Amino acid sequence: MSAHHTGSSDSPNATARFVDPFTGKREKPSNYLVITQDYYKSTRENSNLFTTTAFAEMNFFGGRFALNAAVPWNYYQQRNREDAARVGKSYLGFKYQPFFDLDKSYFFVIEGSVGFPSGPDTDRFTGGNYYAGAGYLKLGYLYEKWSFVTKLGGLQPLTRPQPNNLQDNDGIPYWLRLPSATPPTPEYEFKKTAILSAYVTYYLMPEISIFTGILYRNPYNGVDFSASKDKLNPQYFTEGSLGFSWNFSEKYNFNVAYRYPFQRDRDYRLYHSAWTFAFSMEWGSD
């Protein structure tokens with residue numbers, strides 16, 4: 001029985017799901033739906049951010065390949081101004097296990113996804129009006145009551161910033177404008193982002209596990225870089241996490257993680273701390 005299925009409750013090999021503590025998602029191809037609720041305390045805009053993400057995945061070819069989709073919804077609890085809600089950037093992606101026997105307690109997964117433009121209506125959508133790609137190489141190993149996972153990858157902008165030439169207001173595309181109507185320099189530029197994370201999980205019993213992990217991201221601000229706002233930011237971002245996972249039935253899992261950024265200066269801190277709550281449901285037979 002492969003480790004990514006629920007199976008019996010006799011050993012971690014049968015129940016290990018390799019749940020990412022930073023996202024609440026499974027590392028290996030699976031048939032499942034997960035609802036993730038992130039709470040970010042005291043973000044850079046002096047507000048609290050609530051992000052609810054629906055993520056669904058379906059695997060094929062005996063668990064070697066999977067297709068997935070994610071749609072986030074953001075609620076901004078703001079100080080000195082009205083609260084706001086926006087739909088975030090949606091992603092379509094895949095996972096692929098190319099090499100190893102799925103019955104073994106180790107795995108190697110290639111993961112990729114494409115994020116779609118959020119559109120120019122910033123009153124309804126957020127996440128950037130551009131295409132973005134994400135890719136990761138993931139390696140995991142399960143030894144007795146311990147599991148170890150490391151991921152290396154990043155984000156890649158797939159389109160260039162368009163000049164801010166009021167095209168959304170007057171209806172004239174920038175490529176039809178006269179050379180004398182040169183638009184101003186875009187406020188934001190796009191940067192490639194490298195991401196590395198690793199975490200260790202210990203199974204107190206087959207149904208309950210605890211974990212701790214660390215995440216590294218460079219550059220600090222992610223894909224969108226503002227020459228005016230981000231020039232004083234540190235080069236990189238690091239975050240630690242700890243939490244627990246509970247498989248309270250053969251098909252249902254609950255995951256809680258506390259996340260703590262190590263950059264603490266209030267002038268460039270992304271947020272004070274964060275919580276991730278994830279509820280997932282599997283379907284299909286083992």
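Values quoted throughout were computed directly from the atomic coordinates according to the rules given, and no laboratory measurement underlies them. The model shown is predicted, which means the values in this text are computed figures rather than measured ones. Virtual Cβ from ideal backbone geometry, glycine too; neighbours counted across all protein chains shown.
Only sites in a loop by DSSP and with at most 10 other Cβ atoms within 10 Å count here; which trypsin sites (Lys or Arg not before Pro) in the stretch 225-266 make the cut? Working shown, then result.
On the way: sites: LYS229, LYS231, LYS251, ARG259, ARG264, ARG266; in loops: LYS229, LYS231, LYS251, ARG264, ARG266.
Passing both the DSSP loop test and the Cβ count: LYS231, ARG264, ARG266.
Specify whether the C-alpha gyration tensor of the stretch 14-73 places it in the rounded, prolate or oblate class, a ≥ b ≥ c being the square roots of the eigenvalues: rounded for a/c under 1.5, otherwise prolate if a/b is larger than b/c and oblate if not. All intermediate terms of the calculation are to be shown ahead of the outcome.
Values: a/c = 3.78, a/b = 2.31, b/c = 1.64.
The shape class here is prolate.
Give the long-range amide H neighbours of SER90: residues separated by 5 or more places, or on another chain, with amide H under 5 Å away, using H modelled in the peptide plane at 1.01 Å from N.
PHE116
Pairs LYS28/LYS145; LYS28/LYS251; LYS151/LYS192; LYS95/LYS145; LYS41/LYS95: which are spaced more than 22 Å apart, C-alpha to C-alpha? Can you show the working numbers first?
Working: LYS28/LYS145 18 Å; LYS28/LYS251 15 Å; LYS151/LYS192 17 Å; LYS95/LYS145 25 Å; LYS41/LYS95 32 Å.
Flagged as over cut-off: LYS95/LYS145; LYS41/LYS95.
Can you work out the Karplus-derived ³J(HN,Hα) for every residue in the stretch 119-135? Use 6.51 cos²θ - 1.76 cosθ + 1.60 with θ = phi - 60°, whole Hz, and x for glycine or proline.
Once rounded to whole Hz, the list reads x, x, 7, 6, 7, 10, 10, 9, x, x, 8, 7, 7, 9, x, 10, x.
The stretch 14-100: which trypsin sites (Lys or Arg not before Pro) are DSSP loop and have at most 13 other beta-carbon atoms within 10 angstrom? All intermediate terms of the calculation are to be shown ahead of the outcome.
Numbers: sites: ARG17, LYS25, ARG26, LYS41, ARG44, ARG64, ARG79, ARG81, ARG86, LYS89, LYS95; in loops: ARG17, LYS25, ARG44, ARG64, ARG79, ARG81, LYS89.
Answer by residue number: ARG79, ARG81.
Set the Förster distance to 22 Å, then compute FRET efficiency between TRP246 and PHE50 from the Cβ-Cβ distance, nearest 0.05.
Computed FRET efficiency for TRP246 and PHE50 comes out at 0.50.
By counting other Cβ atoms within 10 Å of each Cβ, how are TRP283, TRP73 ranked from fewest to most? Intermediate values should be presented prior to the final figure.
Values: TRP283 10, TRP73 14.
Fewest-to-most Cβ neighbours within 10 Å comes out as TRP283, TRP73.
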